[in-house]
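Engineer: The structure's right below; bear with me while I get my questions together.
Bear in mind that the values in this text are calculations on the coordinates, not laboratory data. Fair warning: this is a prediction, and the values are worked out from it, not measured in the lab. Neighbour counts are summed over all protein chains in view; Cβ atoms, including those assigned to glycine, are modelled from backbone coordinates with ideal geometry.
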Amino acid sequence: MLDTRYRVEIPGGINLEAQVVGPIPRFFAFAIDLAIRGIVIFVLSILAIPFGSFGLGGGFFLIFLFIIEWLYPVLFEVYMRGQTPGKRLLAISVINDDLSPVTLGTSMVRNLLRTVDFLPLFYLVGLVTMLSNGRFQRLGDMAAGTLVISVAESAKPAPMKDILPLAPATSLLRNEQSSIVDFLQRSQQLSEPRQQELAAILEGVTHRKSDNGVEQLQRIGAWFLGLR
């Protein structure tokens, strides 16, 4: 697979689809959240100085440090649709692997296991794990059954008014027709290599290769949509 789409079929024969994201946007989101937590901790450490003589400053600071370090991601993920501030800026979100909203339990599991993913240094275990599976799940995600997906606005469908419809050279089954129409509607959401890969699979229908095959698929899809 050259694209990173994740699909789930729910009861009723309804297919749900999401775009999983890899390590790079997740790293930048983590860096943003780390910077935010660092600023908050710095401010709290300054505010705790006047209470040091009463023996309260250090105690309160440790409590807030625990809350910020461990509950910061959990509370944001549960109550802000799976998005910490960093994830929101990068337009990514945490969800369950059935594409339902993340829960308190799953969020706690995935975040508590960050300590394992961090080993031996700088999230090396988490990085290796993400790169070794198609869903880009670190160990915490695997244990909790969660995914990190893109919530950026989907690319606009291909401008069908600019596509010249073309009748297929052979008769096609209904599911084949639906697949070609789906290709037309989603073509701009797929990478060029993925488009060409799909076109190569259907070469017997389009009788064209590479980019020409992609164009033929779009034209046949427009024909099945009645744009003729």
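Engineer: Less than 15 Å Cβ to Cβ from residue 127, Lys/Arg counted +1 and Asp/Glu -1: what total charge do the surrounding residues give?
Structural biologist: +2
Engineer: How charged is the neighbourhood of residue 137? Take every other residue with its Cβ under 12 Å from the Cβ of residue 137, and add Lys/Arg as +1 and Asp/Glu as -1.
Structural biologist: Summing Lys/Arg as +1 and Asp/Glu as -1 gives +1.
Engineer: Sticking with this structure for a sec: What does the highest-first list of 75-84, 115-124, 173-182, 17-26 look like by mean Cβ count within 10 Å?
Structural biologist: Top to bottom by mean Cβ count within 10 Å: 75-84, 17-26, 173-182, 115-124.
Engineer: Continuing with this model, one more query. Need one number: nm distance between label points at residue 68 and residue 118, each 7 Å from Cα along Cα→Cβ, rounded to one decimal.
Structural biologist: Distance between label points: 1.5 nm.
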